[in-house]
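The block underneath contains the structure these notes are about, expressed in structure tokens.
The values are calculated or read from the model by the stated rules, or taken from the named source; none is laboratory data. Quantities reported herein were computed from a predicted structural model and do not represent experimental measurements. Cβ atoms come from the backbone with ideal geometry, glycine included; neighbour counts cover every protein chain shown.
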There are 2 protein chains.
Amino acid sequence: MGRKTQGELLKHVLLERLMHYYYFLGERPGEDSPETVSSGQIAKFLNMDDTLVRKDLAALGVRGHPRIGFKTHEVLAAIRNVLGFEKTNKAIVVGAGRLGGALAAYSGFSKCSLFIVAAFDSDPQKQGSVLAGTVVQPMENLEAVIQRHNVRLAILTVPADPAQEIADRLVRAGIRAIWNFAPKALVVPSGVVVRHEHIVAGLAELAYHLKNIAEQET
Amino acid sequence: MGRKTQGELLKHVLLERLMHYYYFLGERPGEDSPETVSSGQIAKFLNMDDTLVRKDLAALGVRGHPRIGFKTHEVLAAIRNVLGFEKTNKAIVVGAGRLGGALAAYSGFSKCSLFIVAAFDSDPQKQGSVLAGTVVQPMENLEAVIQRHNVRLAILTVPADPAQEIADRLVRAGIRAIWNFAPKALVVPSGVVVRHEHIVAGLAELAYHLKNIAEQET
DNA sequence: TAGATTGTTAATCGATTAACAATC
DNA sequence: TAGATTGTTAATCGATTAACAATC
């Protein structure tokens, strides 16, 4: 199987690219023989160099076939394997606002074997409403649910203010990965991973482009 | 003012870092003298090297002061200037689902001088509901609104399927920057910038971490 | 002054790309 | 076979970091 030596952690830029490959291969525009794919095809679609695609796939232990390319299902299986999609990851959503709702309802997660088991909100108004098939629960239930379902992943969509405090609770209750959409940098003990999704950062590129356009027009 | 020579475009990684600086300086945890900030402070908070912070600020033409650091308001002004936050950017939201709603309602945009002037949805059910202070309009009004308000930026939160077709309409109507949250790669003519926000990609890192943890436990 | 911090050059490091033989 | 594509080494490129003199 040519698996990567254990112990060497893959870089997160590589992991992100894997996710791009995974989604591209999963819903490729209708092809005649989607059973194979060449590094060139992937590269072209994702606007990158084909050598890099081959390097990435080699790092997963997938072997291609000269003149043919890579077997799609092998690539998909390797990515699933590396990212742990063979097993379902249970997650909770903390903060049942609009963003929390959008994420909880996002259907694309199932492809990644991600399953939302519960949602929480401190607002009594929101408690009891149905989100992603589960009832929004009060924050008091947090620890109990995490422990009962053995949840390791939390999606945090609360305001900046209570974010750190909630993160602390999550970690204490057994959460080991936090997907943080709160506009606040979190401090967590080692062994816990935080992915800070600072969405506004993406606006910078667009704003910069628009400013340059406006200046040209002058 | 030591402005950067015109014509050299700043890299988008740099632009993203600028946004991080901007938000950090904008709401720094209560300090005694928040009038100045050192590259070390910024670096520590954002978990990066202080040399890189100084390089970035130098690229903007901001000059620091030995022993003192940088004047906060100068840094903020320089970033606003580079990213074009002196002028308001009008934007529309296309797709008034949960994610569209979350983005339309996001209060952090005002800091970036981003102002949502209208929202659209093809679903008659959603039309007429109020989102971010404006009424959700039918898609038919798209071109008229873009032209009337001179909108250049569109936030796209529609399903993958109609995304390309809508993007084409947007570009034809005068949109020059698309913030794409649809799970679909868009093709646009040169002169138009697309920022594809593939949120699920961020999950890769967390899933990988969780898998490694699970393996260690075995 | 001593010490903190900048600004900048040089060194390092890593990621990406180019080149090309190997393969079917 | 000729040609397409992989796999891999070497070259390049750029980003990050180290080092340290300059400054106040």
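Observations
- Looking across the range A:118-133, the residues that are over 22 Å from B:L131 (Cβ atoms) and surrounded by fewer than 20 Cβ atoms within 10 Å (Cβ to Cβ) come down to A:S122, A:P124, A:Q127, A:G128, A:G133.
- Filtering the range B:150-166 to residues that are surrounded by fewer than 15 Cβ atoms within 10 Å (Cβ to Cβ) and either touching a His at 6+ places or on another chain (Cβ under 6 Å) or under 12 Å from B:A91 (Cα atoms) (or both) leaves only B:N150.
- The set of residues in the range B:146-182 that are free of Cβ contacts under 8 Å to residues at least 24 places away in the same chain and either among the aliphatic types (A, V, I, L, M) or under 22 Å from A:I42 (Cα atoms) (or both) comprises B:D161, B:A163, B:Q164, B:V171.
- For the range B:118-150, a residue qualifies if it is among the β-branched types (V, I, T), touching a Gly at 6+ places or on another chain (Cβ under 7 Å), within 18 Å of B:L170 (Cβ to Cβ) and part of a strand (DSSP E or B), and exactly one does: B:V136.
- For the range B:164-204, the set of residues classified as at pLDDT 95 or above, assigned to a helix (DSSP H, G or I) and of a type outside the set (A, V, I, L, M) consists of B:Q164, B:E165, B:D168, B:R169, B:R172, listed by residue number.
- If you go through the range B:13-50 and keep only what is touching a helix residue (DSSP H, G or I) at 6+ places or on another chain (Cβ under 9 Å), aliphatic (A, V, I, L, M) and either loosely packed, with under 14 Cβ neighbours inside 10 Å or in contact (Cβ under 8 Å) with a residue 60 or more places away in the chain (or both), you end up with B:L15, B:L18, B:M19.
- Count of the range B:33-76 residues, restricted to those that are more than 12 Å from DNA strand D (Cβ to nearest atom) and touching a strand residue (DSSP E or B) at 6+ places or on another chain (Cβ under 9 Å), is 12.
- Filter result (surrounded by fewer than 17 Cβ atoms within 10 Å (Cβ to Cβ) and touching a Lys or Arg at 6+ places or on another chain (Cβ under 9 Å)) within the range B:140-149: B:E143, B:H149
- Every listed requirement among (1) more than 30 Å from A:S129 (Cβ to Cβ); (2) at pLDDT 95 or above; (3) away from DNA strand C (no atom under 16 Å from the Cβ); (4) of a type outside the set (D, E, K, R) is met by A:F24 save one, (2).
- In the range B:178-218, the qualifying residues are those that are over 24 Å from B:D161 (Cβ atoms) and of a type in the set (A, V, I, L, M), and the one that is surrounded by the fewest Cβ atoms within 10 Å (Cβ to Cβ) is B:A214.
- Restricting the range B:51-70 to residues that are loosely packed, with under 15 Cβ neighbours inside 10 Å and near DNA strand C (Cβ under 7 Å from one of its atoms) leaves a set whose member that is nearest to B:L83 (Cα to Cα) is B:A58.
- Answer from B:I92, B:I79 - the residue that is within 16 Å of DNA strand C (Cβ to nearest atom), within 22 Å of B:R176 (Cβ to Cβ) and within 14 Å of chain A (Cβ to nearest Cβ): B:I79
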